[in-house]
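Beneath this line is the structure, given in structure tokens, with notes to follow.
The values are calculated or read from the model by the stated rules, or taken from the named source; none is laboratory data. Computed from a predicted structure; not experimentally measured. Glycine also receives a Cβ, built like all others from the backbone with ideal geometry; neighbour counts cover every protein chain displayed. Accessible surface is based on the protein model in full, side chains and every heavy atom, while ligands, DNA and RNA are left aside. Shrake-Rupley method; radii C 1.70, N 1.55, O 1.52, S 1.80 Å.
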Amino acid sequence: MSRDQLFAQFPEAIAGLTSYAEWLATAGVERGLIGPRETDRIWDRHIANCAAMAELVPAQARVIDIGSGAGLPGLVLAIVRPDVHVTLIEPLQRRCDFLNEVIADLQIGERVDVMRGRAQDVPAKKADVVTARAVAPLNKLLSWALPLVAPGGQVLAMKGSSAPTEIEEAAKVLKNRTAEIVLCGQGLVDPLTTVVRVSS
């Protein structure tokens, strides 16, 4: 099971991941952040799938997570990668409230903050890595994400089988940048997590 593999790979994160999973299965469902049918798949489909991205994030990185929702993938990355600083951007207040409660419970507020708003309205904040999961098609997502990326940084967008098509459709936004499909999470998730990586 992904949970056991996750614990083996990130032993220092076991307590944090377990608490977060409990938050998702209870308050997350009660407040409509995840569907009730998702409770049986919290570890495999959500937490482990997002944790797989950790291998693509450089050490000590500043991360901005767009459209964080229930904290996927941004909060998971913050839990398994204590060396990074994560800003969670979320437009809906009830989701921001949930994120702030989880952050307080996990006592990680010194390196995770929540910003209410839309990515396109964020004032001059730059990150080494901008992440997103199930937010928008790549062409639209990149128009929001690329202005937030510091020079030499990258966008990591979690995608599925539509990734090649979305890259083609994002050609105008990409301009001279390269978008590559990266499969990550070997030994952690099956199927592997599909990420589109775009360097600034």
Any idea which of (1) under 23 Å from residue 184 (Cα atoms); (2) open to solvent by less than 10 Å² (accessible area, probe 1.4 Å); (3) β-branched (Val, Ile, Thr) is the one residue 79 doesn't satisfy? (2)
Within segment 177-196, which residues are closer than 18 Å to residue 45 by Cα, assigned to a loop (DSSP other than H, G, I, E, B) and open to solvent by 70 Å² or more (accessible area, probe 1.4 Å)? 186, 190, 191
Could you grab me the full set of residues in segment 26-52 that are open to solvent by less than 20 Å² (accessible area, probe 1.4 Å) and either farther than 24 Å from residue 5 by Cβ or in contact with a strand residue (DSSP E or B) (Cβ under 8 Å, 6 or more places away or on another chain) (or both)? 27, 50, 52
Got a sec? Which of 22, 55 is under 23 Å from residue 192 (Cα atoms), open to solvent by 40 Å² or more (accessible area, probe 1.4 Å) and out of contact with any Phe, Trp or Tyr (no Cβ under 9 Å at 6 or more places or on another chain)? 55
Which is in contact (Cβ under 8 Å) with a residue 60 or more places away in the chain and surrounded by 24 or more Cβ atoms within 10 Å (Cβ to Cβ), of 105, 65? 65
Heads up, the strands (runs of 3 or more DSSP E) in segment 72-176 (entirely inside) with at least 1 residues that are in contact with a Gly (Cβ under 7 Å, 6 or more places away or on another chain), closer than 21 Å to residue 61 by Cβ and among the hydroxyl-bearing types (Ser, Thr, Tyr) are 127-133
